[in-house]
1. Does residue 376 satisfy being of a type in the set (A, V, I, L, M, F, W, C), over 20 Å from residue 509 (Cα atoms) and touching a Leu at 6+ places or on another chain (Cβ under 7 Å)?
2. Residues of the range 414-442 being within 16 Å of residue 166 (Cα to Cα) and part of a strand (DSSP E or B), which ones?
3. Can you work out which of the residues in the range 664-695 that are among the aromatic types (Phe, Trp, Tyr) and touching a residue at least 40 places away in the same chain (Cβ under 8 Å) is most open to solvent (accessible area, probe 1.4 Å)?
4. Under 8 Å between Cβ atoms, which residue pairs at least 6 apart in sequence (or on different chains) link something in the range 829-843 that is loosely packed, with under 15 Cβ neighbours inside 10 Å with a partner that is assigned to a loop (DSSP other than H, G, I, E, B)?
5. Residues of the range 206-235 being within 18 Å of the chain's Cα centre (by Cα) and farther than 19 Å from residue 185 by Cα, which ones?
6. If only one of 561, 533 is small (Gly, Ala, Ser), in contact with a helix residue (DSSP H, G or I) (Cβ under 9 Å, 6 or more places away or on another chain) and part of a loop (DSSP other than H, G, I, E, B), which one is it?
7. In this structure, does residue 366 turn out to be closer than 26 Å to residue 424 by Cα, free of Cβ contacts under 8 Å to residues at least 40 places away in the same chain and either open to solvent by 60 Å² or more (accessible area, probe 1.4 Å) or touching an Asp or Glu at 6+ places or on another chain (Cβ under 7 Å) (or both)?
8. Would a scan of the range 630-647 turn up a residue that is over 27 Å from residue 486 (Cα atoms) and in a helix (DSSP H, G or I)?
Amino acid sequence: QVLARLKSDHRSLTSRVSQAPNSTVDPGGMRAVSESSSDTISEESATYTDSLWFYGLPPSANPNMSSSADGPSNLVEDNVVLKHFSSTFASTDGSDRGGSNILRRVEPSGQSISRQNSSEFERSGSALRLSVYDQDGAEKQDYGAMVKTLTQNNEHAGFEFGQGETSQILPYRSNLAYQFMTLFTIFLAPFYFCYIWSNRSGDLPWFGVLFFIEELVVYLLGLANQLSMWHRQRRFVCRLDCLEPRFPPDKWPVVHICFTHYAEPTNDSVRPLRHAIKQEYPPDRFVVTILDDGYYKRVQLGDSEQDVHYEITESGKDMEEMIGREYKLLADMLGTSVAKTSREVERHQCQRTECAPGGSTVIEWRAMGLPLVRLVGRKKGKNSHMKTGNLENGLWNVMEHEVPIMVVLDTDMVASQDMLQYLVPNFFEYTKAGGWDFDWQTAYVASPQAFSNIEKHYGTDDPLSQSFKSYWRMLGPALDSVGMVHFWGTNTAFFTPALKSSNGFVYGCITEDTVTGAQIHKFGWKSTFVGTAGLTLATGLCRETLTETFDQRKRWAQGNAQQFLMEFAPRCMLSKDFVTAPHRQDLYDLNERFRDADRKGILPPPICKNDRGVQARRSRRSLAYKLWTEIVYIPTRYALFFVLSPPLTYLIAMILSLTCTPPFDLNFDPVDSLGDIFFNRTHIVVIYWLAMCLANCLQHSYEITDPNNAHSVVFRKQQYEFGFCWVRFVGTIEGFAASIRGKQPKWNAFGMAGGTNLFLELPSLLAFVVMVLSIVTVLANYLLSSGSFIIALPGPEAVQVKQVLGCQMMACFVLYNLWPVTSLVIADLFKLPYYVIRNAVSTFVACLAQILLSIMWIFLMVPDSKSSR
């Protein structure tokens, strides 16, 4: 059907291009995979027409552009949607040593001083600063020395970048050992599961079945994580201004840094704005935009959509005032004046009207030596589409079409001044024929999140794992090896042709980030990770209360559930609003066009005439690539199954504690043959558990080189699963309900979740208390009576003391994993600082443990009656 439509729409294109020498052309204008890369479509305008229709790109706002329902037509040659990527950012061979006029300061006399002729002013003692990022007073650093120092800190002395290199990859030295242990556990797993199934407890057979299910779930989820971390590596990136051959600054791409703001306090945006303006980047080559969803309040005056009025909120006024004040302060440092303008982006000028049916107000500040700063007030519809709509409005309706790179930051993210220096090079490659140019394979570059207020509110040990290093610092570099780093919603730079040709940000899910990244990867685009230990490009603010953190994690679970339903659930069970979310059908159609082209072995059309990556992207869309795509997105796409593991483990621990009966029979009889070890003895259980522990240890070898670990990532990851289990379960249910009802859950911005939420907090405390009571009751029943005073519980006449103690170990393991969240719940209930209650209780538990160990030692040393006689 796709090919038939293409043939119908572009019959004239076929007749023109089919005469091109040495080329095999499909009726739809798509070239065969086996065709030489040098065979190109000669008609530029025809190629653009193909691209616009195939990728679902909207026509330009140019009045000379028109389109029909069947596809684009009457395409003009100056299409600003695509043409810019073929001309303005043409590659350079580095011979132009220009750029001396990109950072200028205008003296009061009107004299313009450039970097090139500034040396005499510096020698004369003038306090000249050529750009606002010099105002910090720090001496200019030798960035080559910085790179060398960084690598020396990571034990890679002498690390240097070669000609044409933007980065170098250093695999972990423990990779081979980790991969071997992973394969070894895969080899042992069938024998282990056969043993625990065939040797289920005869006293409690149902317990053996439950234990088998729990172990199988834990193994499958752990295996997905192990495969995602298969090849761990570090990517060291060369700064943009240190590339060799030299990349002239006046050829650097234009970048738009976009902050997403909703209802967060305006003060949280002050430092992020300052640092964004102070980027070590030519001020005429980047723009700072605050996409303020809280600028306007929508007021419905009547029943129709025309009876809508938009009022500027107090938050919007505060944001506008803050930007003007900060911008003027920086301009005064340079001795320049500020020009403020305002314009309206009307509905008919919008390429995607669903995100801004009333258009947008764009307020701009300009000053010599400073980048352009914009405040965008979106006039939302009845359905605001939340953060997705905000980003879509910035991408399609406000940002100029020819901008190649869009950096997405949350409103509280304070960027390092060299953020762009490390993000931008990853999009480029160097060729002798063309110099530095986009590689047309990298869709986005992600860097990890970090937070500056964890210690202030939670203490030094990060009890809620806000730093989330197992995900942002360990999984990211591993996924970088296959080019499938997740999009985490912030601290990410996008190559806009890749984003737009992949249908933009995905609507319909309350969390747009991972689902958008997953869709981009389906089309063969890759993503990279920048963030070795010690390198943080942006630092924000974590949620300051337990309730706010629970609310955030619940929203993540809602989005993961919606992502699963979007891809796998039958449409008949979902609401019409969810199934027909804006551009959802366009996304399905685009996926189908790619699948059809891949099945028939033909190349999709290039996005534009300078798109050199269409063949490489097609090569990536192999069967193995699709399998890896499924594996690396298991933690997000199938997150609802991860919710099953902690309650199953909790239930197993509770049964073990109360019954003191193992779920399978233990057999340590002498081994007669090798087969006995794998089939008939408990030795296989011990070997399997030890192999899993060793593989887990090797997987987390990142901790060895990270100097900022206040706790073990291994333990914190387990505590994260237990502590947020209830919240994730509630979020999964609400995500399913929202997709079925068609009404999105409420989005609470920073500080909007309110006070203590007992519904989210009490279950963790209750689970902890019940497990403690279980342990205390069993031990008291065993120790304080010669016969059980609770008949249902095991007594001295039924089990040995070592069996009782052994069966409490798993219960203690569960308590350890629940403790961080439980301590915060107790602090919330008593209105105490989080770290105070945790430190006090931890000290008490440590002292109590010493007392119990002493009592246990004395009890074990007391001789029985026969020995005493």
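1. For residue 376, the condition - of a type in the set (A, V, I, L, M, F, W, C), over 20 Å from residue 509 (Cα atoms) and touching a Leu at 6+ places or on another chain (Cβ under 7 Å) - is met.
2. Within the range 414-442, 428, 429, 430, 431, 435, 436, 437, 438, 442 qualify.
3. 679
4. Once the first residue is loosely packed, with under 15 Cβ neighbours inside 10 Å and sits in the range 829-843, its partners that are assigned to a loop (DSSP other than H, G, I, E, B) give 829/756; 839/459.
5. Matches in the range 206-235: 233, 234, 235.
6. Within the list 561, 533, the selection yields 533.
7. yes
8. Looking for residues that are over 27 Å from residue 486 (Cα atoms) and in a helix (DSSP H, G or I), one finds at least one in the range 630-647, hence yes.
The values are calculated or read from the model by the stated rules, or taken from the named source; none is laboratory data. All values reported here derive from a predicted model rather than from experimental measurement. Heads up, the Cβs are rebuilt from the backbone with ideal geometry, glycines too, and the neighbour counts pull from every protein chain shown. With ligands, DNA and RNA removed, areas are computed over all heavy atoms of the protein, side chains included. Shrake-Rupley method; radii C 1.70, N 1.55, O 1.52, S 1.80 Å.
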